[in-house]
Amino acid sequence: MSKYETIRFEQSGGIARITLNRPEAANGINHVLGHELAEIAGLIADDPAVKVVILTGEGKFFSAGGDLKAMAANESKAGAYVKGLADDLHRALSSFARMDALLIIGVNGVAAGAGFSLAVTGDLVVAADTASFTMAYTRAGLSPDGGASYYLPRLIGLRRTQELMLTNRSLSAAEALDWGLLHRVVPAAELATAVDELAAQFAAGPKLSNANVKKLLLVSSDHTLEEQLAREAAFISHCADSADGQEGIAAFLGKRTPKFA
Ligand SMILES: CC(C)(COP(=O)([O-])OP(=O)(O)OC[C@H]1O[C@@H](n2cnc3c(N)ncnc32)[C@H](O)[C@@H]1OP(=O)(O)O)[C@@H](O)C(=O)NCCC(=O)NCCSC(=O)/C=C/C[N+](C)(C)C
């Protein structure tokens, strides 16, 4: 039995799978889910055996974001409650962004508020054609968290971010793909297979190379060209010295498929 109350967590063959598991509450983020997500993300980030992480939701929602019923129940100390929750969620997001493993998000349904923020943080984001996306924060008298003000302007630009955050307009999966928020949209019945296939592909891939792609892209807009060039040179040299780098080059020269660690 899983030790987690709100998340199903499985791990095998270099792939860790996290399923938000409060379908009766639209996979809303309450303090237990936030805490469990932060704990799992920390464990995965420190586990060298994990090459790929899948994050998805159980049932018809990916996540409706912050659990508004839990916030209402904590009305007298709502600010402190939400701050604790945001801190946990943000710890999880930071672990996901900094870990060497790749994060694949399978958006299985509605992603609202912090569910939307979470949905777009993946290194690869695949959505069911029935998924939809709404910021929803300002409609509830709140302001964005979960990295939305960091990721959205970088992904879709300031004007579109303002529109989503200020009007709470809902985007269909097709629109989100068109706006550059997603990598792929697949029929809902094919989402799990599409995500599993991607995960298997990356689990057989070169972990250091993929981790370096993540790390280079995460900081590229904060660096000068020369700083970024220096970083690229250090990273590719580290790859070239690695077993995977040597295997990749040897496999090309030997006209065979590489077998990465
Ligand atoms: C568009 C939504 C998500 C789905 O609409 P629907 O028509 O498909 O489903 P329905 O509204 O009937 O919802 C099904 C049940 O789920 C409950 N629900 C939905 N969202 C939430 C929620 N956020 N918190 C608690 N419970 C929720 C809903 O009440 C139904 O249960 P009952 O049948 O009434 O028992 C639509 O539901 C929607 O717009 N939901 C609200 C979205 C929202 O405002 N999210 C919060 C944004 S603010 C935020 O995320 C803050 C985060 C801070 N932090 C990370 C620190 C937590």
TODO: Quickly rank 107-119, 128-140, 49-61, 243-255 as a protection proxy: mean count of other C-beta atoms within 10 Å, highest first.
DONE: 107-119, 49-61, 128-140, 243-255
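With the contact rule set at Cα under 8 Å and sequence spacing of 6 or more, what percent relative contact order holds for region 7-203?
Details: 406 pairs, mean separation 41.3, N = 197.
The value is 21 percent.
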- [ ] Kindly identify region 100-231 as rounded, prolate or oblate by the Cα gyration tensor criterion: order the square roots of the eigenvalues as a ≥ b ≥ c, call it rounded if a/c is under 1.5, otherwise compare a/b with b/c, prolate if a/b is larger, else oblate.
- [x] oblate
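To check you understand DSSP bridge types, tell me what percent of the beta bridges within the chain (both residues inside) are antiparallel, rounded to 5.
25 percent
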- [ ] Let me know the shape class of region 7-203, please: from the alpha-carbon gyration tensor, a ≥ b ≥ c as square roots of the eigenvalues, rounded when a/c is under 1.5, otherwise prolate if a/b is greater than b/c, or oblate.
- [x] oblate
Task: At R0 = 25 Å, FRET efficiency that the Cβ-Cβ distance of Ser76 and Arg98 yields, to 0.05 - done: 0.10
- [ ] Can you find, among Leu158, Leu225, Thr257, the residue farthest towards the positive end of the dipole of the chain? Put +1 on the C-beta of Lys and Arg, -1 on that of Asp and Glu.
- [x] Leu158
Task: Lys, Arg +1 and Asp, Glu -1 on Cβ, resulting dipole of region 1-155 about Cα centre, debye, nearest 20 - done: 240 debye
Open item on the list: How would region 207-253 be classified by its alpha-carbon gyration tensor: rounded, prolate or oblate, with rounded meaning a/c under 1.5 and the a/b versus b/c comparison settling the rest?
Closed with: prolate
Task: Lys, Arg +1 and Asp, Glu -1 on Cβ, resulting dipole of the chain about Cα centre, debye, nearest 20 - done: 200 debye
Open item on the list: Just want the answer: with Cβ charges of +1 for Lys and Arg and -1 for Asp and Glu, which residue in Ala140, His90, Ile18 is farthest toward the dipole's positive end in the chain?
Closed with: Ala140
- [ ] Between the alpha-carbon centers of region 117-162 and region 187-237, tell me the distance in whole angstrom.
- [x] 20 Å
Task: Portion, in percent, of the accessible area of the chain that falls on carbon or sulfur, probe 1.4 Å - done: 58 percent
TODO: With a probe of 1.4 Å, find how much accessible area region 207-253 has per residue, and write the answer as a whole number in Å².
DONE: 63 Å²
Open item on the list: Can you compute the equivalent ellipsoid semi-axes for region 183-261, i.e. the square root of 5 times each eigenvalue of the Cα gyration tensor, sorted largest first and rounded to whole Å?
Closed with: 27, 22, 8
- [ ] Considering only DSSP beta bridges where both residues belong to region 1-108, give the percentage that are antiparallel (nearest 5).
- [x] 35 percent
- [ ] Among Gly245, Gly205, Asn30, pick out the residue whose Cα is farthest towards the positive end of the charge dipole of the chain, where Lys and Arg carry +1 and Asp and Glu carry -1 on C-beta, about the Cα centre.
- [x] Asn30
Open item on the list: Suppose only helical runs count, i.e. DSSP H with n ≥ 4. What mean residue ellipticity at 222 nm does that imply for the chain under -39500 (n - 2.57) per run, divided by all residues and rounded to the nearest 500 deg cm²/dmol?
Closed with: -15000 deg cm²/dmol
Task: Filter on Lys3/Lys259; Lys214/Lys255; Lys83/Lys214; Lys51/Lys259 - keep pairs with C-alpha separation over 23 Å - done: Lys3/Lys259; Lys214/Lys255; Lys83/Lys214
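The values are calculated or read from the model by the stated rules, or taken from the named source; none is laboratory data. Remember, predicted model here, so these are calculated numbers, not experimental data. Quick reminder, even Gly has a Cβ in these numbers, built from the backbone with ideal geometry, and neighbours come from all protein chains shown. These area figures cover heavy atoms from the full protein model, side chains too; ligands, DNA and RNA do not enter into them. Shrake-Rupley method; radii C 1.70, N 1.55, O 1.52, S 1.80 Å.
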